[in-house]
Amino acid sequence: MENQIAVVTGGAQGIGLAVARLLIQKGVLVASWDIDPGNKDAMADLGSNAMAVDCKINDLATVEAAYARTCEAFGVPSILINSAGISGPNAHLDAYDPEAWKQVIDVNLNGTFYVNRVCVPGMKEQGYGRILNVASVAGKEGNPNASHYSASKAGLIALTKSLGKELADKGILVNAITPAAAQTPLFATMTQTHIDYMKSKIPMGRFVEVAEIAAMATWLASADCSFSTGAVFDISGGRGTY
């Protein structure tokens, strides 16, 4: 993977940062696309093979500008890790704020669509690419009081399957992972009741570590992953084994 170029969305913290760190250890040049103010410092800590790019993924023009800046600084990306996302507040569907619903769908699903749309043409020109969309076990099973998040991640799974089939003969593999909950800053937007519910559903009895997710993500972003595309890889501690 040495000297390959990767885009990691949401790289300032949580899963995205763990993936960026491991990719850099493998010799990859990483551009972290994020609106988090801590993105610059996070990438500075990772060294000269990392760069921070301000990017609001649910704004297509911003995504296009981030891609241009990445290409200018590092070159055309051959790896894309779509990790950026939001959880939104927890509530029953019939009481859920429509604007909050739109925001979650706009970031998690539309934003990931924009990033894929912008990055795929360069991979086609190279005849090689690895794309990983970070979904969630909630997209498989649905979580109560989280219809917004569950629906956005279910849409992401379907997007992955469709795009994987479209690009299967282009040397570009597109896969998704469905983690159980990891203790990231997203927990701050959830109720303790919801957090306890998520943990109770995991047979291993613990939350997944971001380093564990990064290990799976890095393999899926490598040439060693050569015959899996449009697939959904479980990393839920036994919760969603299908």
Need pairs with beta-carbon distance below 8 Å; first residue farther than 18 Å from residue 85 by Cβ and open to solvent by less than 90 Å² (accessible area, probe 1.4 Å) and within segment 177-205, second of a type in the set (Lys, Arg) and assigned to a helix (DSSP H, G or I); sequence gap 6+ or separate chains.
205/199
Filter segment 122-146 for residues that are part of a helix (DSSP H, G or I) and open to solvent by less than 20 Å² (accessible area, probe 1.4 Å); the one that is farthest from residue 169 (Cα to Cα) is 138
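If you go through segment 90-121, how many residues are open to solvent by less than 70 Å² (accessible area, probe 1.4 Å), touching a residue at least 24 places away in the same chain (Cβ under 8 Å) and under 23 Å from the mean Cα position of the chain (by Cα)?
First, the residues of segment 90-121 that are open to solvent by less than 70 Å² (accessible area, probe 1.4 Å): 90-91, 96, 100, 104-112, 114-116, 118-121.
Subset that is touching a residue at least 24 places away in the same chain (Cβ under 8 Å): 90-91, 96, 100, 104-112, 114-116, 118-120.
The next check asks that each one be under 23 Å from the mean Cα position of the chain (by Cα); those that pass are 90, 100, 104-112, 114-116, 118-120.
Result for segment 90-121: 17.
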Can you tell me how many residues within segment 50-63 are part of a loop (DSSP other than H, G, I, E, B) and buried (at least 20 other Cβ atoms within 10 Å of the Cβ)?
3
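Of the residues that sit in segment 78-89 and are part of a loop (DSSP other than H, G, I, E, B) and either closer than 19 Å to residue 21 by Cα or among the β-branched types (Val, Ile, Thr) (or both), which one is nearest to the chain's Cα centre (by Cα)? Don't jump to the end; show me each part of the working.
Step one: of segment 78-89, the residues part of a loop (DSSP other than H, G, I, E, B) are 78, 83-89.
Next, only the ones that are either closer than 19 Å to residue 21 by Cα or among the β-branched types (Val, Ile, Thr) (or both) stay: 78, 83-86.
Numbers: 78: 16, 83: 2, 84: 5, 85: 7, 86: 11 Å.
Here the residue is 83.
When you go through 205, 230, 237 one by one, which is the residue that is on the phi > 0 side of the Ramachandran plot, modelled with pLDDT of 90 or more and under 17 Å from the mean Cα position of the chain (by Cα)? Steps first, answer last, please.
Working: 205 fails: under 17 Å from the mean Cα position of the chain (by Cα); 237 fails: under 17 Å from the mean Cα position of the chain (by Cα).
Testing whether each residue is on the phi > 0 side of the Ramachandran plot, modelled with pLDDT of 90 or more and under 17 Å from the mean Cα position of the chain (by Cα) leaves just 230.
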Going through (1) without any contact (Cβ under 8 Å) to a residue 40 or more places away in the chain; (2) over 16 Å from residue 107 (Cβ atoms); (3) open to solvent by 20 Å² or more (accessible area, probe 1.4 Å); (4) of a type outside the set (A, V, I, L, M) one by one, residue 27 fails only at (3)
Segment 206-242, residues that are hydroxyl-bearing (Ser, Thr, Tyr), under 24 Å from residue 7 (Cβ atoms) and in contact with a helix residue (DSSP H, G or I) (Cβ under 8 Å, 6 or more places away or on another chain)
218, 228, 229
Yes/no for residue 16 being at negative phi and touching a residue at least 12 places away in the same chain (Cβ under 8 Å)
yes
Say whether the condition of being within 25 Å of residue 182 (Cα to Cα) and open to solvent by 40 Å² or more (accessible area, probe 1.4 Å) is met by at least one residue in segment 64-74.
no
Out of (1) at pLDDT below 95; (2) of a type in the set (Ser, Thr, Tyr); (3) in a strand (DSSP E or B), the one residue 178 does not meet is (1)
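Could you grab me the full set of residues in segment 147-176 that are of a type in the set (A, V, I, L, M, F, W, C) and either open to solvent by less than 10 Å² (accessible area, probe 1.4 Å) or more than 26 Å from residue 122 (Cα to Cα) (or both)? Before the answer, list the steps.
Taking segment 147-176 first, the residues of a type in the set (A, V, I, L, M, F, W, C) are 151, 154, 156-159, 163, 167-168, 172-174, 176.
Residues satisfying the conditions are 151, 154, 156, 167, 172, 174, 176.
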May I ask you to list pairs of residues, at least six apart or on different chains, whose Cβ atoms are under 8 Å apart, with the first in segment 64-77 being assigned to a helix (DSSP H, G or I) and the second being open to solvent by 40 Å² or more (accessible area, probe 1.4 Å) and of a type in the set (Asp, Glu)?
66/54
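The values are calculated or read from the model by the stated rules, or taken from the named source; none is laboratory data. Not measured: the values here are computed from a predicted model. Here Cβ is always computed from backbone atoms with ideal geometry, including for glycine, and neighbour counts include all displayed protein chains. Only protein heavy atoms, including side chains, enter the accessible area calculation; ligands, DNA and RNA are left aside. Shrake-Rupley method; radii C 1.70, N 1.55, O 1.52, S 1.80 Å.
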